[in-house]
Amino acid sequence: MIVIMRTDATRDEISGVTATIRDLGLRAQRISGNQRTAIGMTGDVSNVDESRFRALPGVRDVVQMTQPFKLVSREWKPDTTVVEVAEGISFGGNSIPIIAGPCSVESEEQITEAALEVRAAGATLLRGGAFKPRSSPYSFQGLGVPGLEMLARASERSGLPVVTEAVDPEGIAIVSEYADVVQIGARNMQNFSLLKRAGDIDKPILLKRGLASTIVELLLSAEYIAASGNDRIILCERGIRGFDTSVRNVFDLTSIPVVQSLSHLPIIADPSHGTGFREYVPRMALAAIVAGADGLMVEVHPDPVRAVSDGAQSLYPAQLAKLIAQAREIIPTIGREVTQLDAAVA
Ligand code: PEP
Ligand code: MN
């Protein structure tokens, strides 16, 4: 439930509403917006009598929420959230950042080369997993903390901020020391203890849609992070399981406008995991942008044939350069732009 205050409501009137909410044993939260002053309440609101709030001085309206997720919903906050992840790089605004890099950090040389190449191609952030959530326990699990250190050096060399994954609640603190954005992958989208810990850390979270999750489940997972105290959340569509074995996943581009209508959070698209094959990635990346994606995540490897994970869906750096050049031509036609970094490669 949201209490909307009159534009001329006094500070005392606003505090009166907040106190009444707390007296009911609920959480009150001021919702900042351009158009209105509102106070949202979370907790078990099923027995709350809205007329009690309508009678309070300064109150203009009381709105019932229709969605099971609250803090991340557009009902709660009509303005799109802009998540700044580094100076000049934000998700959710007019400018579209491109995250690129290998699936996994494999060696110092590999991640450094990848970083310099994706930077030269026009990417804005570097990706690479040091902790890998693999379907098989026998697959490469990542280099761990030494991999994070390699990423940090590659970040410094290239000037690109880093997106990297945390796979368990115990590991998220160390990952967040190295990451500019902490990724929670598809396999962990409903790891609720990890989501709660993500609420404690002081870095933006990139939350990927689960392997077979609905849009509402994705938003409820984001709600866990927000309810635990971190509202810097970026969602990611990365495809869901389908029956067709011609592709790795069904890349659900419809989820982009649907999420944007239901939630104020930004959503980006990952056509690499979405399709599973490098030949399909560039066109689906452009399609995602036209569908309204607030950013892209693309796997790129200096030598994809030798990649230890996801080589078949990883672009060659020259393909990324071509994709970004095409995106720069197409995006202005929908009134947006590709984020560009100013400084030259170190
Ligand atoms: C990844 O980004 O490399 C990854 C493991 O993605 P997902 O969680 O979407 O499968
Ligand atoms: Mn991958």
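Laboratory data are not the source of any read-out in this text; all were calculated from the coordinates shown. For clarity, every value in this text was computed on a predicted model and none was experimentally measured. Here the Cβ positions follow ideal geometry from the backbone for every residue, glycine too, while neighbour counts run over all protein chains shown.
Values for this structure:
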quantity: Range in the chain, longest, excluding exposed GluC sites (Glu not before Pro) [loop by DSSP; at most 15 other beta-carbon atoms within 10 Å]; calculated: 171-346
quantity: Gain in span if fully extended, Q340 to N34, counting 0.36 nm per residue against the direct Cα distance; calculated: 107.4 nm
quantity: Helix axis angle, 145-158 relative to the chain longest principal axis, alpha carbon, degrees; calculated: 80
quantity: Inter-probe distance in nm under a simple model that places probes 7 Å from Cα toward Cβ, at T214 and V145; calculated: 4.2
quantity: Extension reserve of the F277-A55 stretch, reckoned as 0.36 nm per residue once the Cα distance is removed; calculated: 74.0 nm
quantity: Rounded to 5, the percent of DSSP beta bridges in the chain classed as antiparallel; calculated: 40
quantity: Contour minus Cα-Cα distance for S136 and Q326 (0.36 nm per residue); calculated: 64.7 nm
quantity: C-alpha long axis of helix 215-227 to longest principal axis of the chain, angle in °; calculated: 70
quantity: Global geometry of the stretch 141-246, whether rounded, prolate or oblate, following the gyration tensor of its Cα atoms and the 1.5 cut on a/c; calculated: oblate
quantity: For the chain, the longest site-free run once chymotrypsin sites (Phe, Trp or Tyr not before Pro) in DSSP loop states with at most 15 other Cβ atoms within 10 Å are removed; calculated: 1-137
quantity: Global form of the stretch 214-253, assessed from the alpha-carbon gyration tensor, a/c cut-off 1.5; calculated: prolate
quantity: Positive minus negative residues near E117 (Lys, Arg vs Asp, Glu; Cβ under 14 Å); calculated: 0
quantity: Counted charge near S261, where neighbours are those whose Cβ lies closer than 15 Å (Asp, Glu -1; Lys, Arg +1); calculated: -3
quantity: Förster radius 35 Å - calculated FRET efficiency between A152 and S193 (Cβ-Cβ, nearest 0.05); calculated: 0.85
quantity: Rg over Rh, two decimals, the chain (C-alpha only, Kirkwood Rh); calculated: 1.01
quantity: About the Cα centre, charge dipole magnitude for the stretch 82-231 (Lys/Arg +1, Asp/Glu -1 at Cβ), debye; calculated: 420
